[in-house]
Amino acid sequence: MLTLRSARFNKAVTVAVRGLASISFRDSYGAFIGGKEVFPKNGATFNVEDPATGKHLCKVASVNKDTVNQACLVAQEVYQSGKWSRSDVRERARVLNKIAVDLRANINDLAEMEVAQTGRAVREMKAQLGRLPEWFEYFAALIRTHEGTVPPFFGPYVNYVKRVPLGVCGLLTPWNHPLLIAIKKIAPAIACGNSIVLKPSELAPVSVLELAALCSRAGLPDGVLNVLPGLGPEAGQAICSNEFVRKVDLTGGTPTGRAVGAAAGANLAAVITELGGKAPMLIFEDADIDQAVNGAAFATFVASGQTCIMGARVLVHHSKYEVFMKKLTDKALRIRLGDPFDVTTQMGPVISGNSRKRISGLVDRAKKEGAHVFCGADIPSMQPPFDKGYYYAPTVLGVDTKMEIWREEVFGPVVVAIPFRDEAEAVRLANDSPFGLAAAIWTKDVMRAHRVADQMDVGIVWINDHHRNDPSSPWGGQKHSGVGRENGVSALHEYTQTRSVVVRTDDSKWDWFEQPNARYS
Ligand code: TXE
C-alpha cells in the first residue's frame, strides 16, 4: 500500500492494480486546495485508466472555473500573508530539503503509481523518479547562495537589486512525466516564495495529488501548493485567465501553447512554455556506430517515444546509412513489449486510444506517401489483458523531407531516417523543422562536434548522448518548441522579478524648482 498518503486525504475504497501488489488506488480523488482534499460541489469527475489494459483505475474530481477561482484566492491570500513569500530563505530551504527526504522515502510507491497511470515500464519510472529529490535540493541550495546585484548607478546613490517572487503561478503539466515535469516547475516556484495553482494532466493526475500531500506534511504552508485536476479547456483556461495569476508555465502540445499564451496574454500574465519537438540525431561517419545505435534506440523508444526531446529524426552519413539502419532495426525488433510492471519489460503502451490512433494515422499516411518501413508500423498482438492496452510496435521508417511525418510530431515510438552527404547537408536537414527543442550529434571529431552544435537552432544539444537532464542545466526550446527555460539559474529568474532600490547617500539639501542646474536623471 502507498504509505505517503496524507491524513488530509480521505480514506476510501482502494482498487488493486495487477502486477506489483503493493500499489493501489483509491476509488476517487478530490482536488488539493489550502492543504485539504476538496470535492467540488457539482460532483463532476473524470476517469483515469490503465493504458496497458484499458481498465478503470479511479475517478478524479474535475474542477470548474468557480473552484479554480476559489483556489487562486486561497493561493493569493497565503502569498499576501507573507507566511511563505517573505519567509527567511533558510526556512524555505529547510522545507525543500525535507520534501526531498520524504520524496526519496516514497519513490518506489510513487513510481508504481506513475507506471499504472502512464503505462511506462517500471524500470524507467524508478530510474527517473530516483532523481526527483535533486530538484528540491538544488533549488534549496540555489536560494541559499543566490545574491542580489549592485549596479553602478550614476551619482550619490547606491542601487541594490533583489529578486522577489511573482505571486500566484499557474502550472499546467502533462501526463508523459507527471511528477518530473511538475517538480521541475514546483521546486523553483516555491523556492522563490511563490504560491502555486497546478493543473495536472487529466490522463495522469494522481501522483501529483499525492506529491502535494507529501509537501504539506513536510511543512509547506497550506495554500502554497494547490492541485486542481480538471480539463484543459475548462480548468486550464480558467487558471490562465484568473486575475491573481502572474505567470503561467505549461508543458504540453504546441496548439495548447498557443491557447495558453493567448489567454495569459489577455490577462497580462507572463508565460513559459515547453512544447513539442522533432529532435534530430546526426550520425557522422566517424561515430562509434554501435554506441550511436544504442543511443538512438534509447532516444527514440524510451517512454514509448512520448517525450518532447525524443530522437524523432535520424540523419546518417550516406556511407554508414545501410549498416546503421540494419543495426537500429535489429535493435528495435528486439525491444520487449509487455506488462509495464514486469521489470524485464522494455516498452509499455502509449497513453491512450486517441494517441495510438493519431500515431497510426501519421504512420499510415507516411506509408501512402512512400515511406520505407524498416520495422513496426503496426499494432502488435499482445496476450490478455494487454490485448486491450494501447501498444504500438517500435517503428523505423525511411522517409523524405516532403512527407508529413518529417515535420509533424508523432509522440510515439516512431523514428524517421534520412541519409546525408556532408556536414552542411546534415545541418540543413537538422534545422529543417518548425520545432527547435533538442538535437544530438554523434561523432568522435571534437572540432566538428562543437562546430555543428553551434549551428543547431535548438535549446539543448547532446554530443554522443541523448536525453540527459540535470536540475542545474537550462531546459527549453526555440521556434514552436516554446519560450523560456526550466532548470538552473534560468528557472530562478523565471520565478522571480527584480526589485531595484535606489538609495541617496548625499544628505545635502536639493530643490528641483530652485536649482536650475539640478540633475533630472
Ligand atoms: O497535451 P496537452 P496532450 C504534445 C504531444 C502530444 C500533444 C497532445 O505532441 O501528442 O502534445 O498531448 C492542459 N488551456 N505533448 O493532449 O493537451 C492539459 O489539460 C489550458 C508534448 O496530453 O497540451 C494538460 O494539463 N490548459 C509534451 C496540459 O495542458 C490546457 C508533453 C498539457 O496537455 C488546454 C505532452 C487549454 N486550452 C504532450 N488544453 C512535452 N513537451 O513533453 C490542454 N491543457
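The values are calculated or read from the model by the stated rules, or taken from the named source; none is laboratory data. Keep in mind it's a predicted model, so treat the numbers as computed, not measured. In this analysis, Cβ positions are derived from the backbone assuming ideal geometry, glycine residues included, and neighbour counts consider all displayed protein chains.
The table below gives the values:
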| read-out | value |
| --- | --- |
| Neighbours by Cβ (under 6 Å, 6+ apart or cross-chain): first from the stretch 187-206, at pLDDT below 95; second basic (Lys, Arg) and buried (at least 24 other Cβ atoms within 10 Å of the Cβ) | none |
| Flag for residue 277 being of a type outside the set (A, V, I, L, M, F, W, C), touching a residue at least 60 places away in the same chain (Cβ under 8 Å), assigned to a loop (DSSP other than H, G, I, E, B) and farther than 26 Å from residue 104 by Cα | yes |
| All positions within the stretch 25-43 that are crowded, with 18+ Cβ neighbours inside 10 Å and in contact with a Ser or Thr (Cβ under 7 Å, 6 or more places away or on another chain) | 25, 26, 31, 35, 40 |
| Answer residue from the stretch 405-423, given it is of a type outside the set (A, V, I, L, M, F, W, C) and touching a Phe, Trp or Tyr at 6+ places or on another chain (Cβ under 8 Å) and is farthest from the ligand (Cβ to nearest atom) among those | 423 |
| Residue 471, sole failed condition from (1) within 15 Å of the ligand (Cβ to nearest atom); (2) surrounded by 22 or more Cβ atoms within 10 Å (Cβ to Cβ) | (1) |
| Condition met for residue 439 (assigned to a strand (DSSP E or B), within 19 Å of residue 299 (Cα to Cα) and within 16 Å of the ligand (Cβ to nearest atom)) | yes |
| Total residues in the stretch 447-478, condition touching a strand residue (DSSP E or B) at 6+ places or on another chain (Cβ under 9 Å) and in a helix (DSSP H, G or I) | 5 |
| In the stretch 190-201, the residues that are more than 16 Å from the ligand (Cβ to nearest atom) and either assigned to a helix (DSSP H, G or I) or closer than 20 Å to residue 243 by Cα (or both) | 190, 191, 193, 194, 195 |
| Near pairs, Cβ below 7 angstrom, 6+ apart or cross-chain, from the stretch 208-230 (within 21 Å of residue 129 (Cα to Cα) and surrounded by fewer than 22 Cβ atoms within 10 Å (Cβ to Cβ)) to any residue that is at pLDDT 95 or above and of a type in the set (Phe, Trp, Tyr) | 213/32 |
| Pair list, Cβ < 7 Å and 6+ apart or interchain, from the stretch 346-358 residues that are farther than 18 Å from residue 404 by Cβ and more than 11 Å from the ligand (Cβ to nearest atom) to residues that are hydroxyl-bearing (Ser, Thr, Tyr) and not in a helix (DSSP H, G or I) | 349/390; 349/391; 353/390 |
| Conditions (1) crowded, with 17+ Cβ neighbours inside 10 Å; (2) farther than 28 Å from residue 483 by Cβ; (3) more than 16 Å from the ligand (Cβ to nearest atom); number of the one not met by residue 452 | (2) |
| Subset of the stretch 267-317 that is among the charged types (D, E, K, R) and closer than 18 Å to residue 362 by Cα - its residue that is farthest from the ligand (Cβ to nearest atom) | 313 |
| Pair list, Cβ under 6 Å, 6 or more apart: the stretch 423-435 residue among the hydroxyl-bearing types (Ser, Thr, Tyr), other residue in a loop (DSSP other than H, G, I, E, B) and crowded, with 18+ Cβ neighbours inside 10 Å | 433/278 |
| Neighbours by Cβ (under 8 Å, 6+ apart or cross-chain): first from the stretch 252-266, without any contact (Cβ under 8 Å) to a residue 12 or more places away in the chain; second more than 7 Å from the ligand (Cβ to nearest atom) | 265/271 |
| When residues of the stretch 243-253 are limited to those that are surrounded by 24 or more Cβ atoms within 10 Å (Cβ to Cβ) and either assigned to a helix (DSSP H, G or I) or not acidic (Asp, Glu) (or both), the one farthest from the ligand (Cβ to nearest atom) | 245 |
| Selected residue [of a type in the set (D, E, K, R), part of a loop (DSSP other than H, G, I, E, B) and under 24 Å from residue 413 (Cβ atoms)] from 286, 342, 330, 290 | 342 |
